[in-house]
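First comes the structure, then the notes that go with it.
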Amino acid sequence: MCFDRFHVVALGSKALDEVCRAEVRSHPELWGTRWSLLKTPSAWTTSQLQTMHWLQRSNLKTARARRIKQALRAIYATARSPDEAKPPFQRWLSWARRCRLVPFRRLARTITSHLNGVLSGSATGKHNGRVEAMNRALQEARTRARGYRRVESFIAIAYLVAGKLTHLPAPPFAQLTVFPHETE
């Protein structure tokens, strides 16, 4: 069993969000920084960049929580094998256990209990993104139809949507394109 990078880092983002939500009540200057914290630094706007620089220099729990989350992300960026990933994960787990931030302590307990799966997930690089995308497409097809009377109909639509069938005939009107200058 392995746990992919996306879900482990998503748990870190959730812990960061919990810390930020709790701290914004006592520090109103954090209001509006939530999306900046969750975005990738390369996607920050100028004002978000200035806010993040201010936050890094502050002594707030949110700044500490962001550093812990970024350290977790950095492990995945550098480690290529379970043997390479284990020492950084153990250092990170030690840091998260001692940080006095309840969401990160809870996350450290979760990762510790599933450490073998997390390490094997970092090694294989496998993920279930394709399955989740297929599930999303099926949910959208079900929503568009507003329910099916028979399960056989939904199964047929599932094959059409997610099956990537290549032997189907082309739609009859797919070739027709009308340009604005032709209709005048």
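The table below gives the values:
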item	result
Computed label-point distance, nm, for sites residue 80 and residue 167 using a 7 Å Cα→Cβ extension	4.3
The chain: angle of helix 129-145 to the longest principal axis, Cα-based, in degrees nearest 10	50
Loop-resident sites, region 1-91, for chymotrypsin sites (Phe, Trp or Tyr not before Pro), counting at most 16 other Cβ within 10 Å (DSSP)	31, 44
Trypsin sites (Lys or Arg not before Pro) within region 63-118, DSSP loop, no more than 12 other Cβ atoms inside 10 Å	80, 100
Helix-only mean residue ellipticity at 222 nm for the chain, each DSSP H run of n ≥ 4 adding -39500 (n - 2.57), per residue, nearest 500	-21500 deg cm²/dmol
Between 0 and 90°, nearest 10: helix 115-124 axis offset from the chain longest Cα axis	50
Among 65, 158, 96, residue whose mean-square fluctuation peaks in a GNM of the chain (springs only between Cα atoms under 10 Å)	158
Set 14/86; 39/86; 14/61; 14/39 screened for pairs whose C-alpha atoms are more than 21 Å apart	14/86; 39/86
From the coordinates shown, semi-axes √(5λ) of the Cα gyration tensor in Å corresponds to which of [x] 50, 23, 15; [y] 42, 25, 17; [z] 29, 22, 15	[y]
Hits among aspartates and glutamates - C-alpha to C-alpha of residue 69 under 15 Å, sequence gap 8 or more where chains match	17, 18
Relative contact order %, region 1-70, counting alpha carbon pairs below 8 Å whose residues are six or more apart	40
Least to most buried among 33, 110 (fewest other Cβ within 10 Å first)	110, 33
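Values in this text are rule-based calculations from the coordinates and carry no lab data. Not measured: the values here are computed from a predicted model. Ideal geometry is used to build each Cβ from the backbone, glycine not excepted, and the neighbour counts take in all protein chains shown.
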